Amino acid sequence: MGPGTGLSCDISLNTTLTAEQRALYQDPATIQKLLKESKTVAIYGLSTDTQKASYFVASYLKSHGYRIIPINPNATEILGEKCYPTISAIPDQIDILNIFRRASEVPPLIDEAIARKIPAVWLQLRIIHLPSAEKARAAGLTVILDKCIKMEHGRYFGGLSLAGMNTEIVSAKRAKAT
């Protein structure tokens, strides 16, 4: 049981973030609003390998109506979408910059996101760079750390609970198919 939560399976036990940091960077209401209002997700580090997590996440998001913009300097197309070598090379508006790179590679990506005025940056599971997160927040960006965008979408909008996953959501409402 999670300490003081009353939950038999507390999802937050899998993060190294403190309770205060989780409140800033993993707020459920912020995540839901971001996923509901965003249309275009640029994925930095999207792989051409269909067995990689980034490919699986992008495929899922695309199948749920999001426009995917791959960022990979070693590819020209992924999932039928034109691939860009850098964030700055993308001519279109980006709602979320989803990052699949090591934490040590995050600072210049956050600088580009700030310069481009991208509204939100999302660092995938196990990717935490607090100085960059604080810099992005100070610049007015929404920041999500150490969460999988696919899992969060599935938790709130994709019916993960129907597959037996603990989403920490109890509701009598049936999930809508998207």
The conditions are (1) under 22 Å from THR142 (Cβ atoms); (2) modelled with pLDDT of 95 or more; (3) hydrophobic (A, V, I, L, M, F, W, C), and ALA75 fails exactly one of them. Which is it?
(1)
Considering residues of segment 79-98 that are more than 16 Å from ILE149 (Cβ to Cβ) and surrounded by 15 or more Cβ atoms within 10 Å (Cβ to Cβ) only, the residue nearest to the chain's Cα centre (by Cα):
ILE87
What tally of residues in segment 41-55 results from selecting those that are under 14 Å from the mean Cα position of the chain (by Cα) and more than 16 Å from ILE127 (Cβ to Cβ)?
1
In segment 128-148, is there at least one residue being surrounded by 14 or more Cβ atoms within 10 Å (Cβ to Cβ), in contact with a Lys or Arg (Cβ under 7 Å, 6 or more places away or on another chain) and at pLDDT 95 or above?
yes
Out of ALA58, ALA113, I need the residue that is modelled with pLDDT of 95 or more and closer than 18 Å to GLU152 by Cα. Which one?
ALA58
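Would you mind stating whether ARG101 is at pLDDT 95 or above, more than 22 Å from GLN32 (Cα to Cα) and within 14 Å of the chain's Cα centre (by Cα)?
yes
The values are calculated or read from the model by the stated rules, or taken from the named source; none is laboratory data. Since the model is a prediction, treat every value here as computed from it, not as a measurement. Virtual Cβ from ideal backbone geometry, glycine too; neighbours counted across all protein chains shown.
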